[in-house]
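The values are calculated or read from the model by the stated rules, or taken from the named source; none is laboratory data. Keep in mind the model is a prediction, meaning the values are calculated, not measured. Calculation scope for accessible area: heavy atoms of the full protein, side chains included, ligands and nucleic acids excluded. Shrake-Rupley method; radii C 1.70, N 1.55, O 1.52, S 1.80 Å.
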Amino acid sequence: MELLTWTPVAFYKKLFPRNKEGKTFIPANVFKEAFTSAVIYYYIKKDREIEHRVKNYLLKKGLKPEEIIDRIKEIIFEKYGVLQEIELPEKIFIDEKDLYETRAVIFDLKNWEDVAEFEIEVFKGKVEVPIKTPHLEKLKAACHSYCEALANMEKKMLKDHPLAESFYLPLTDSIKKWEIPLRMGMWTDLRFKGHLFFFWRVKEVREKLFEELKTDIRPTKIIYLPKENATAGWCELSI
């Protein structure tokens, strides 16, 4: 497969890692995290039994933030093996010419304001990624379901902000045509990223998590790149 970065990919407020020879790479975990968000969203939305079990878990008292995502993955893994059966190298090497530094802003979608800014190294280009999976069609469906919903949520929150028309309107149209959409790397500043995105529309879960964890489960603080007039991490895997 080939990864195409439609908008630049960042690596957690720092440089991309290098090996001993100085070659830059994307760790496999960056891909796995993107797949995880999509699969969690897709199967909670698709399977009522899983939705019910995850919802009951999230409404329990004494949730431990560091255990939430692992427990949700366990619930899904008991029934579906999509994530466990993805194979890819631990390091995906990228060309130095496709790396550059740019200014990044943490933009609050709810308040339409910048809350922080910094210089960051980003990757913008193409790279071959030898991914193997027996669940390609399910993975494709999951990634489309999640990424399209995420893009539409961000666009909706922006309302009549200029970015909604200049960036998100064409994005929400074109993403439907991508083979396998992914949201990768550092694209939000919030702890749970998009892993709990499905439940933002379920009032009792939304309020419970806000009360216990003091966080909005929607990824409302996103990484915006002013020079590119784009938000970070929108990618496509093509076969």
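Structural remarks
- Note on the chain: with neighbouring protein chains present and a 1.4 Å probe, carbon and sulfur make up 49 percent of its accessible heavy-atom surface.
- Solvent exposure of segment 2-238, expressed per residue, is 48 Å² of accessible area, with all protein chains present and a 1.4 angstrom probe.
- Counting only the Cα atoms, segment 1-119 fills a convex hull of 179 Å³ per residue.
- Mean separation of Cα contacts under 8 Å, 6 or more apart, over the residue count of segment 2-238: relative contact order %: 33 percent
- When every Cα-Cα distance of the chain is counted in 10 angstrom steps from zero, the calculated P(r) takes the values 7, 32, 37, 21, 3, 0 percent.
- Mean separation of Cα contacts under 8 Å, 6 or more apart, over the residue count of segment 104-176: relative contact order %: 27 percent
- Calculated on alpha-carbon atoms, Rg and Dmax of segment 171-239 in Å: 14.4, 43
- Nearby lysines by direct alpha-carbon distance to residue 45 (threshold 18 angstrom, same-chain neighbours under 8 apart not counted): 55, 73, 79, 138, 140, 193, 203
- Whole-Å semi-axes of the ellipsoid equivalent to segment 107-225 (Cα gyration tensor, √5λ, descending): 24, 20, 16
- Calculated mean residue ellipticity at 222 nm for the chain: -10500 deg cm²/dmol, from DSSP H runs with n ≥ 4 weighted as -39500 (n - 2.57), summed, divided by the residue count and rounded to 500.
- Relative contact order (%) - segment 77-218, alpha-carbon pairs under 8 angstrom, separation at least six: 18 percent
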